[in-house]
There are 2 protein chains.
Amino acid sequence: MTPTIGVFDSGFGGLTVLRALIQRLPQARFAFLGDTARLPYGSKSRRTIARYAVQSAQFLVREQGAEFLVIACNTASALALDAIQDAVPVPVLGVIEPGAEAARAASRTGDVLVIATDATVQSHAYAAACRAHGLRAIEKACPLLVPLVEEGWTDHPVTAEVLRIYLDELTAEAAFEGLKPDTLVLGCTHYPLLRPLLEGVIASAVPSGMTVIDSAEAVAEAAVRLFCPQQAAALSPAAQLRFFATDSVEKFERLGSRFLERPVGNVELVDLGG
Amino acid sequence: MTPTIGVFDSGFGGLTVLRALIQRLPQARFAFLGDTARLPYGSKSRRTIARYAVQSAQFLVREQGAEFLVIACNTASALALDAIQDAVPVPVLGVIEPGAEAARAASRTGDVLVIATDATVQSHAYAAACRAHGLRAIEKACPLLVPLVEEGWTDHPVTAEVLRIYLDELTAEAAFEGLKPDTLVLGCTHYPLLRPLLEGVIASAVPSGMTVIDSAEAVAEAAVRLFCPQQAAALSPAAQLRFFATDSVEKFERLGSRFLERPVGNVELVDLGG
């Protein structure tokens, strides 16, 4: 039987990770769960995020038979990866460590900037993962970026201005700390939709440029390395996708296609309690 | 015994309603619950919002002895007022009807604009309440405003630009429908913090001006009318405030003081399940 890869996010952003996974494993079977009734995780506490994420992971493993889990949510990866690994009997991959590895491969100065949600930044999970790879990281919470993406303003002058303000504050802080950053990690799965705009802002604001690391791409690469050797033989002839959400399936279908870059159909509603 | 007024919101915004209530009933006893573990309600479905709001209302009535409930959340008022009224044996006041009454009192043309969250607008609860008062209303979802307030950008050029864009779209739609609006209802309890900026934008963009209706003030007026005649005799010598939240009490204390315009201390964590 074809093994199932479970992909979990608090909302729609993790579909950028699913998209990167489908590109690399076009014949795998995927079950994606968006815990949309309880999003966003980014503004909540560790205890609450861990409780929600464990329930979601258990649904994918127990009810959907996932044999491998990708936590396609930076906040849940930062705050609940250990709790999820303890709660399910399958391999679990988060997005932080692959992002830090990709930053190490990209950076020449060893100094890295990270933009993410409030909860991810407060956890300092990226700083810790970067430090383990010999990198110095400055992190910044950018709470307006997710709402701007969800409003569809991914190519809007207001969004460019907000990005410029956040990046100015971040680079000023890095300079104050004596860092010479050459790499920017997108520590939230919504941010890849801002990549074209962000590269324009960087080109006009940062003379020497900056390499942008998309953690969605980084985690998909890591998942293929971990998952493929054992499982590639059992891949089915065509990709199989199932989508689950804990709230409005209509909204999931409507917004989700922007992140997945293909239509998201037949989303199934699930009740995780609460 | 002094009766308790229960005040409920999904988050912090309802503290603008509590502030307006304390101004009018400085000697009452209040219990405020912010369901911060599950916020924001504004992007969720009716079914989910009703479930969360009923659990929250039951906590205030059963565990805190509230004898009167104010639903200081436009989304919950729009989508769950009936469900809450069915679930608890005390009078329940929402924010929509008082907002519509205040608009009727203010408007000369009978044409009204409403700005609110996605879920409030999709419910068309303001349009229905306005229609019942003989008003015509055009509603617009403004999903960026809550994050801008929570980022603390209440006096920021980006926020002014976002307000200008939203108001331009709204007045263009009103003109297309043949309406001559002279009143703008703030259909979200976060928006009163934007009132100074909003009045500047209106002054520069709308030649004839516009009356701004703050639904927090409107619901406090209505609560005093409903609550006071029976209960005023039992008021205690000084206001008594208790605060409850379903997630991080530190964040509640930190952000809440902006909305309440006084320090919020001793927030108690409660678990409503989920």
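Table for the structure above
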{"item": "Any helices (runs of 4 or more DSSP H) falling wholly within the range A:117-164 and containing at least 2 residues that are at the interface with chain B (Cβ under 9 Å from one of its Cβ atoms)", "result": "A:145-150"}
{"item": "Tally, over the range A:259-272, of residues that are over 15 Å from B:Ser45 (Cβ atoms), at pLDDT 90 or above and among the charged types (D, E, K, R)", "result": "0"}
{"item": "Members of the range A:1-11 that are outside any strand (DSSP E or B), more than 11 Å from every other protein chain (Cβ to nearest Cβ) and either at pLDDT 90 or above or under 16 Å from the mean Cα position of the chain (by Cα) (or both)", "result": "A:Ser10"}
{"item": "Unique residue being crowded, with 18+ Cβ neighbours inside 10 Å and closer than 23 Å to A:Asp247 by Cβ when the list is A:Ala100, A:Ala28, A:Ala57, A:Ala87", "result": "A:Ala57"}
{"item": "Residue match in the range A:174-183 (condition: under 13 Å from A:Glu139 (Cα atoms) and within 14 Å of chain B (Cβ to nearest Cβ))", "result": "no"}
{"item": "When residues of the range A:165-207 are limited to those that are in a loop (DSSP other than H, G, I, E, B) and without any contact (Cβ under 8 Å) to a residue 60 or more places away in the chain, the one surrounded by the fewest Cβ atoms within 10 Å (Cβ to Cβ)", "result": "A:Pro207"}
{"item": "Residue within the range B:141-151 that is farther than 20 Å from A:Glu150 by Cβ and either outside the structural domain of B:Phe8 (by TED's automatic domain parsing) or touching a Pro at 6+ places or on another chain (Cβ under 8 Å) (or both) present", "result": "no"}
{"item": "Number of positions in the range B:17-58 that are part of a helix (DSSP H, G or I), away from chain A (no Cβ under 14 Å) and over 17 Å from the mean Cα position of the chain (by Cα)", "result": "1"}
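The values are calculated or read from the model by the stated rules, or taken from the named source; none is laboratory data. Small disclaimer: the values here were computed from a predicted structure and weren't measured. Note that each Cβ is placed from the backbone with ideal geometry, even for glycine, and that neighbours are counted across all protein chains shown.
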